[in-house]
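The values are calculated or read from the model by the stated rules, or taken from the named source; none is laboratory data. Not measured: the values here are computed from a predicted model. Please note: Cβ atoms are built from the backbone with ideal geometry, for glycine as well, and neighbour counts cover all protein chains shown. These area figures cover heavy atoms from the full protein model, side chains too; ligands, DNA and RNA do not enter into them. Shrake-Rupley method; radii C 1.70, N 1.55, O 1.52, S 1.80 Å.
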Amino acid sequence: MSAERVKVLIIGSGPAGYTAAVYAARAGLKPVLYQGDQPGGQLTITSDVENYPGYPDGVMGPQMMIDFQKQAERFETDIRSGIVNSVDFSGWPHKVTVDEKTEIEAEAVIISTGASAKWLGLESEQRLNGRGVSACAVCDGFFFRNQDVVVVGAGDSAAEEAGYLSKIVKKVYMLVRRDEMRASKIMQQRVKSAPNIEILWNAEAKEVLGDEEVDGVRVVNNVTGEEKVLDVQGFFVAIGHQPNTDIFKEWLDMDEQGYIKTIPGTSRTNVPGVFATGDAQDKIYRQAVTAAGTGCMGALDAEKWIAEKEVELKETAQGV
Ligand code: NDP
């Protein structure tokens, strides 16, 4: 079966992917966008977004991503469900395989695959995943109404998760592994002033307890070595993210954490015609608005690159 040929293929459906789609579609490039395994990306598992310009009263993350998608559809982006499993950037056009069967050839590829939640790596955390262990308070908090839960982490995500859960559950224990939090001042203030959030400093989870469901967490104080068991039913991990870039490892330059390297001030990667946007290449800002900004860059860079490639191909054909 011959591969389908497209001008611009966008991989991923967060703010970066949809913004790239809006720009590429308005430039007449007929982009095809594959949504991946989490359509809408990380914002679909967050609650209020209060810092995206243009929403003076804030907006719910899932609603915002519906708005992004609608805008991309308005300009006739071809939005498809499907997961890109592998790529071959050894030649041109670029080859991409979707759902292990569909072959696509793309003149330009815009990578907007984002990042995913990190886990602690405890055996018990894995075993009880989905049975009291979660990385998404907005998705699963409802199940712990009037119960007690643990949130691990001390960044903005952990503070946000703890704040969200505190409105549903009876009590939230926050496990902070150092004696200070990384979260922004305002987020710290919110968790510190919530009456039902208790912060345990220098505290680490050693084991999530329970056979079928979480029924406790064994915690150690990493300064005193003292251990205790918290009687909780939920265990939420909010310790950051890792970029979803494994399938590109063979082809693209990345840093040691797997973030794709781009040429500063552009979305260009080391492979001509392949552009990286959003959290897949950004370990510093990681905001919806910065992701959207780099999505725009990806589309503009791809448009310019395709135009230059067309001139090059024409000149080659004419023997110039
Ligand atoms: P961060 O990388 O900022 O924080 C991760 C936290 O998890 C740190 O406190 C870290 O501890 C802790 N941690 C990491 N590994 C472990 C471990 N093995 N055991 C225990 N604790 C661990 O990630 P976030 O997801 O919180 O935030 C990412 C970015 O997104 C930030 O720029 C943030 O500002 C932004 N963000 C903004 C929000 C908002 O404005 N509403 C909401 C959510 C995120 P330590 O400090 O000791 O390293």
Length-normalised contact order for the chain - Cα pairs under 8 Å, 6+ apart - percent: 20 percent
Separation between Cα centres of region 15-79 and region 184-240, rounded to whole Å: 34 Å
D_trans [Stokes-Einstein, Kirkwood Rh over alpha-carbon pairs] for region 1-84, 37 °C, 0.692 mPa s, µm² s⁻¹: 248 µm²/s
Charge dipole magnitude, Cβ of K and R +1, D and E -1 - the chain, Cα centre, debye nearest 20: 640 debye
Exposure of PHE143 as accessible area (Å², to 10), given a probe of 1.4 Å and all protein chains: 130 Å²
Protection proxy ranking, peptides 218-228, 65-75, 277-287, average beta carbon neighbours within 10 Å, highest first: 277-287, 65-75, 218-228
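Tell me the net charge near ARG286. Cut-off is 15 Å between Cβ atoms, ARG286 excluded, with +1 for each Lys or Arg and -1 for each Asp or Glu. Don't jump to the answer; show the numbers that get you there.
Numbers: positive: LYS118, ARG182, LYS283; negative: ASP156, GLU160, ASP255, ASP279, ASP282.
Surrounding charge for ARG286 is -2.
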Amide H contacts of ALA135 (H built 1.01 Å from N, under 5 Å, at least 5 apart or other chain): VAL237
Rg to Rh quotient for region 83-163, alpha carbon positions, Kirkwood Rh: 1.18
Listed residues ILE66, GLY54, MET297: farthest to the positive end of the dipole of the chain (Cβ charges): GLY54
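Rounded, prolate or oblate for region 119-237? Axes are the square roots of the Cα gyration tensor eigenvalues, ordered a ≥ b ≥ c, and the cut-off for rounded is a/c under 1.5. Don't jump to the answer; show the numbers that get you there.
Details: a/c = 1.65, a/b = 1.13, b/c = 1.45.
Oblate, because a/c is 1.5 or more while a/b does not exceed b/c.
Over region 86-223, what is the mean sequence separation of C-alpha contacts under 8 Å (at least six apart), divided by residue count, expressed as relative contact order in percent? Before the final figure, lay out the partial values.
Values: 219 pairs, mean separation 25.2, N = 138.
This gives 18 percent for region 86-223.
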For GLY216, residues with placed amide H under 5 Å, excluding near neighbours: LEU209, VAL232
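In debye, nearest 20: dipole of region 208-320 around its Cα centre with unit charges on the Cβ of K, R (+) and D, E (-)? It would help to have the intermediate numbers written out before the result.
Numbers: 10 positive and 20 negative charges, 113 e Å.
Here the size comes out at about 540 debye.
Leaving ligands, DNA and RNA out of it, report the carbon-plus-sulfur percent of the accessible area of the chain at a 1.4 Å probe.
On the way: 7850 of 16310 Å².
Result for the chain: 48 percent of the exposed heavy-atom area is carbon or sulfur.
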HN-Hα J in Hz across region 306-317 - Karplus 6.51, -1.76, 1.60, θ = phi - 60°, x for Gly and Pro: 5, 4, 5, 5, 5, 5, 4, 5, 5, 5, 5, 5
Antiparallel DSSP beta bridges within the chain, percent to nearest 5: 45 percent
Rounded accessible area per residue of region 119-237, 1.4 Å, Å²: 53 Å²
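Restricting things to alpha carbons, find the Rg to Rh ratio for region 256-320 using the Kirkwood radius for Rh. Let's see the in-between values first.
Values: Rg = 14.5 Å, Rh = 12.9 Å.
With Rg and the Kirkwood Rh in hand, the quotient comes to 1.12.
Taking the mean number of other Cβ atoms within 10 Å as a proxy for protection, how do you rank 209-217, 78-86 from highest to lowest?
Numbers: 209-217: 17.2, 78-86: 15.4.
Descending packing order for the listed peptides: 209-217, 78-86.
Can you list, largest first and rounded to whole Å, the semi-axes you get for the chain by taking the square root of 5 times each eigenvalue of its Cα gyration tensor?
On the way: eigenvalues 353, 76, 59 Å².
Gyration-tensor ellipsoid for the chain: 42, 20, 17 Å.
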Sorted peptide list for 107-117, 172-182, criterion being average Cβ within 10 angstrom, highest first: 107-117, 172-182
Under Karplus coefficients 6.51, -1.76 and 1.60, residue-wise ³J(HN,Hα) of region 193-210 in Hz, glycine/proline x: 8, 6, x, 10, 10, 10, 8, 9, 7, 6, 10, 10, 7, 9, 7, 8, 9, x
